[in-house]
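One structure is given here, and the rest of the page talks about it.
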Amino acid sequence: MAAHLSYGRVNLNVLREAVRRELREFLDKCAGSKAIVWDEYLTGPFGLIAQYSLLKEHEVEKMFTLKGSRLPAADVKNIIFFVRPRLELMDIIAENVLSEDKRGPARDFHILFVPRRSLLCEQRLKDLGVLGSFIHREEYSLDLIPFDGDLLSMESEGAFKECYLESDQTSLYHAAKGLMTLQALYGTIPQIFGKGECARQVANMMIRMKREFTGSQNSIFPVFDNLLLLDRNVDLLTPLATQLTYEGLIDEIYGIQNSYVKLPPEKFAPKKQGDGGKDLPTEAKKLQLNSAEELYAEIRDKNFNAVGSVLSKKAKVISAAFEERHNAKTVGEIKQFVSQLPHMQAARGSLANHTSIAELIKDVTTSEDFFDKLTVEQEFMSGIDTDKVNSYIEDCIAQKHPLIKVLRLVCLQSVCNSGLKQKVLDYYKREILQTYGYEHILTLHNLEKAGLLKPQSGGRNNYPTIRKTLRLWMDDVNEQNPTDISYVYSGYAPLSVRLAQLLSRPGWRSIEEVLRILPGPHFEERQPLPTGLQKKRQPGENRVTLIFFLGGVTFAEIAALRFLSQLEDGGTEYVIATTKLMNGASWIESLMEKPF
């Protein structure tokens, strides 16, 4: 059991166990010893639902990464390929299978497509002459992966680009399938709200899928009261800004992948007397970050400026606990102290790690450049000087700062101005292409198509209206003891989360004008419940809303939703689902065209 998945109102261990059971059943179909050949992208997500011990119980003896030419030697009966349905991977698999056939004793080959089988891929294997080699060709519908007690992700890295640039609805279909799986486990969700074109399509797919399964009436008492489907392009602004929560900054600076982060090792080396720091480790320090760690659960969603005081308080509490050993006089007292020791030592290790991480982050956040960049971002978000060429951005281009940083700032300015004046846009484009190379013209085209970097249409800037109506900019932010979600960006309240907050109270009717300005339709659907399953809420019991971000979500938005869930009189607790956990840099990178 993964205890951290069951702390919330919705026990996400139920979902984890369901996907583990499906995996075990597939492995048992392939009788005998096994080697798994992994599509490398899948190893991270799989690690969150099944450790090696589970695979070992089902006779998995070897694991390899999918690479061209021959597979490493393995004395096993079955070779199973775990892959995404991608044509380029089929070519590698065919190469593996053909070289294995020449090798000698026959093996049994199997292929597991994640999350769906693909006729195109099977046709490619057939064309390459290896389709007949596979005994089992199946799909493993790993749509939504539980990351934490209130967080699910599909980890579909191309979802935003597919939906908004390529008009490819595959990831929306997987989102709808994932939501159907959730309803099978946690009951029908009575009310669906949505905003955006993709949200509308996912809702339509869900309703169609429900009609197709009319025979099997869902008799589970509903856990969720509402589902809110939100398109990422309804709020293009939030991911572009620098996140200022502890977890958000770890992700901005080091990148969190499948709940793990890799950090520079020298901060974590035990300090030995007199070695002059000669034997510093060279391998990155890898840490898992989730609410299973008590201290991390407490500080991850705080504004970074509030983290230091929590760490120093914790340090005093832990030292005092260790000092207690001097007061333990009787055998009973000593016994009690010893029984608490493992927990205390774990707490001390956790504190040491997070103190080191906080020092690493502080080195960045106290730099002059970080301050300058943040100042420009906050000016744009509060509506200052968004319509002219910005001198800080000019300097960044002139000094050839990382292109992603420049694009992120230019896109932020464009979004906060409902598009740039043509001459400002042309100037930025020209400067970027001359400095970074003309191959980036395709990237600029993609950013324009996605609505991130575009000319202002009709000379009208709608952002001030949106900002004022939704109270997106708050001047008096309390970072230590916040009273509003704007603390996650030290002033800016994420538009997406403000929409969720207003939906729960007083309802979207109060902001009809803004909803019309934002892209895509807004809608509400009701799903009838069988008699006897209507939910009667107890007085004071919170509603549970599942909010699904189509196109990605940031850790700062997750922190803001957790803040709303914990409000005394909030009335709503949120469970968050998304196509991908992302930040501004990984998002812009996913839209960049790789030069050939």
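The values are calculated or read from the model by the stated rules, or taken from the named source; none is laboratory data. Not measured: the values here are computed from a predicted model. Don't worry about glycine lacking a Cβ; one is built from the backbone with ideal geometry, like all the others, and counts go over all protein chains shown. Areas reflect the complete protein model, heavy atoms only, side chains present, ligands, DNA and RNA absent. Shrake-Rupley method; radii C 1.70, N 1.55, O 1.52, S 1.80 Å.
Might you let me know whether segment 444-462 holds any residue that is without any contact (Cβ under 8 Å) to a residue 12 or more places away in the chain, open to solvent by less than 70 Å² (accessible area, probe 1.4 Å), part of a loop (DSSP other than H, G, I, E, B) and polar (S, T, N, Q)?
Checking segment 444-462: not a single residue is without any contact (Cβ under 8 Å) to a residue 12 or more places away in the chain, open to solvent by less than 70 Å² (accessible area, probe 1.4 Å), part of a loop (DSSP other than H, G, I, E, B) and polar (S, T, N, Q).
Open to solvent by less than 20 Å² (accessible area, probe 1.4 Å), in contact with a Ser or Thr (Cβ under 7 Å, 6 or more places away or on another chain) and over 30 Å from L453 (Cα atoms) - does that describe any residue in segment 308-329?
Yes, there is a match, as at least one residue in segment 308-329 is open to solvent by less than 20 Å² (accessible area, probe 1.4 Å), in contact with a Ser or Thr (Cβ under 7 Å, 6 or more places away or on another chain) and over 30 Å from L453 (Cα atoms).
Residues being open to solvent by 10 Å² or more (accessible area, probe 1.4 Å) and not in a strand (DSSP E or B): count how many of those fall in segment 539-563.
The number of residues fulfilling the criteria is 7.
Given the condition in a loop (DSSP other than H, G, I, E, B), in contact with a helix residue (DSSP H, G or I) (Cβ under 6 Å, 6 or more places away or on another chain) and more than 30 Å from A450 (Cβ to Cβ), answer yes or no: does some residue in segment 148-159 qualify?
Yes, segment 148-159 has at least one match.
Out of all the residues in segment 383-400, is one or more of a type in the set (D, E, K, R), outside the structural domain of N417 (by the TED database) and at pLDDT 95 or above?
no
Can you tell me how many residues within segment 158-208 are touching a residue at least 24 places away in the same chain (Cβ under 8 Å) and on the phi > 0 side of the Ramachandran plot?
Summing the residues that are touching a residue at least 24 places away in the same chain (Cβ under 8 Å) and on the phi > 0 side of the Ramachandran plot in segment 158-208 gives 2.
Could you list all residues from segment 498-549 that are touching a residue at least 60 places away in the same chain (Cβ under 8 Å) and under 15 Å from T469 (Cβ atoms)?
Answer for segment 498-549, where residues must be touching a residue at least 60 places away in the same chain (Cβ under 8 Å) and under 15 Å from T469 (Cβ atoms): L499, Q501, L503, W508, L515, L518, H522.
Every residue in segment 478-494 that is loosely packed, with under 13 Cβ neighbours inside 10 Å and in contact with a helix residue (DSSP H, G or I) (Cβ under 9 Å, 6 or more places away or on another chain), please. Full working, then the answer.
Restricting attention to segment 478-494, the residues satisfying the condition of being loosely packed, with under 13 Cβ neighbours inside 10 Å are 480-481, 483.
Correct list: Q480, N481.
Determine which single condition I576 fails, assuming it passes every other condition in (1) aliphatic (A, V, I, L, M); (2) part of a strand (DSSP E or B); (3) closer than 18 Å to T242 by Cβ.
(3)
What are the residue pairs meeting all of these: first residue in segment 3-25, first residue open to solvent by less than 10 Å² (accessible area, probe 1.4 Å), second residue β-branched (V, I, T) and in a helix (DSSP H, G or I), Cβ atoms under 8 Å, and 6 or more apart or on different chains?
Listed by first residue and then by second, the contacts come to L15/T181.
Rundown of residues vs (1) part of a loop (DSSP other than H, G, I, E, B); (2) crowded, with 17+ Cβ neighbours inside 10 Å; (3) at pLDDT below 95; (4) not assigned by the TED database to the domain that holds G308, yes/no style:
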residue: Y428; (1), (2), (3), (4): no, yes, no, yes
residue: T435; (1), (2), (3), (4): no, no, no, yes
residue: I441; (1), (2), (3), (4): no, no, no, yes
residue: D476; (1), (2), (3), (4): yes, no, yes, yes
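Of all residues in segment 549-596, count the ones that are charged (D, E, K, R), over 27 Å from R200 (Cβ atoms) and touching a Leu at 6+ places or on another chain (Cβ under 9 Å). Explain how you work it out, then say what you get.
At the first step, the residues of segment 549-596 found to be charged (D, E, K, R) are 557, 562, 568-569, 573, 580, 589, 593-594.
Narrowing further to those that are over 27 Å from R200 (Cβ atoms): 562, 568-569, 589, 593-594.
Okay, now just the ones that are also touching a Leu at 6+ places or on another chain (Cβ under 9 Å), so 593.
Summing the residues that are charged (D, E, K, R), over 27 Å from R200 (Cβ atoms) and touching a Leu at 6+ places or on another chain (Cβ under 9 Å) in segment 549-596 gives 1.
Mind listing just one residue for me: the one in segment 174-204 that is open to solvent by 40 Å² or more (accessible area, probe 1.4 Å) and in contact with a helix residue (DSSP H, G or I) (Cβ under 6 Å, 6 or more places away or on another chain) and, of those, farthest from G8 (Cα to Cα)?
So, considering only residues that are open to solvent by 40 Å² or more (accessible area, probe 1.4 Å) and in contact with a helix residue (DSSP H, G or I) (Cβ under 6 Å, 6 or more places away or on another chain), the one farthest from G8 (Cα to Cα) is Q201.
If you check every pair at least six apart or on different chains, which have Cβ atoms under 6 Å apart with a residue in segment 290-301 that is in contact (Cβ under 8 Å) with a residue 60 or more places away in the chain first and a residue that is part of a helix (DSSP H, G or I) and not aromatic (F, W, Y) second?
N290/H4; S291/H4; S291/A297; A292/H4; R300/E247; D301/A559; D301/R562
Are any residues in segment 533-570 within 20 Å of L182 (Cβ to Cβ), of a type in the set (V, I, T) and under 15 Å from the mean Cα position of the chain (by Cα), and if so, which ones?
The answer is I547, V553, I558.
Could you figure out which of (1) open to solvent by less than 10 Å² (accessible area, probe 1.4 Å); (2) in contact with a His (Cβ under 7 Å, 6 or more places away or on another chain) isn't true of V497?
With (1) open to solvent by less than 10 Å² (accessible area, probe 1.4 Å); (2) in contact with a His (Cβ under 7 Å, 6 or more places away or on another chain) applied to V497, the lone miss is (2).
Anything in segment 118-137 that is in contact (Cβ under 8 Å) with a residue 24 or more places away in the chain and surrounded by 15 or more Cβ atoms within 10 Å (Cβ to Cβ)? List them, or say none.
S118, C121, R124, L125, L128, V130, S133, F134, R137
Can you spot a residue in segment 86-106 that is modelled with pLDDT under 95 and at positive phi?
Scanning segment 86-106, I find at least one residue that is modelled with pLDDT under 95 and at positive phi, so the answer is yes.
Tell me which residues, restricted to segment 138-154, are charged (D, E, K, R) and buried (at least 23 other Cβ atoms within 10 Å of the Cβ). Walk me through how you get there before you give the answer.
Going residue by residue through segment 138-154, those that are charged (D, E, K, R) are 138-139, 143, 148, 150.
Result: D143, D148, D150.
As an exercise: evaluate I511 against (1) part of a strand (DSSP E or B); (2) more than 24 Å from the chain's Cα centre (by Cα) and give the number of the one condition it does not meet.
With respect to (1) part of a strand (DSSP E or B); (2) more than 24 Å from the chain's Cα centre (by Cα), I511 is out only on (1).
Looking at S414, S418, which one is polar (S, T, N, Q) and in contact with a Phe, Trp or Tyr (Cβ under 6 Å, 6 or more places away or on another chain)?
When all the criteria are applied, what remains is S418.
Do any residues in segment 566-578 that are closer than 21 Å to F549 by Cα and open to solvent by 20 Å² or more (accessible area, probe 1.4 Å) have Cβ atoms under 9 Å from those of residues that are in a loop (DSSP other than H, G, I, E, B) and among the β-branched types (V, I, T), where the two are at least six apart or on different chains, and which pairs are they?
As it stands, the answer is E573/V10, since those pairs meet every condition given.
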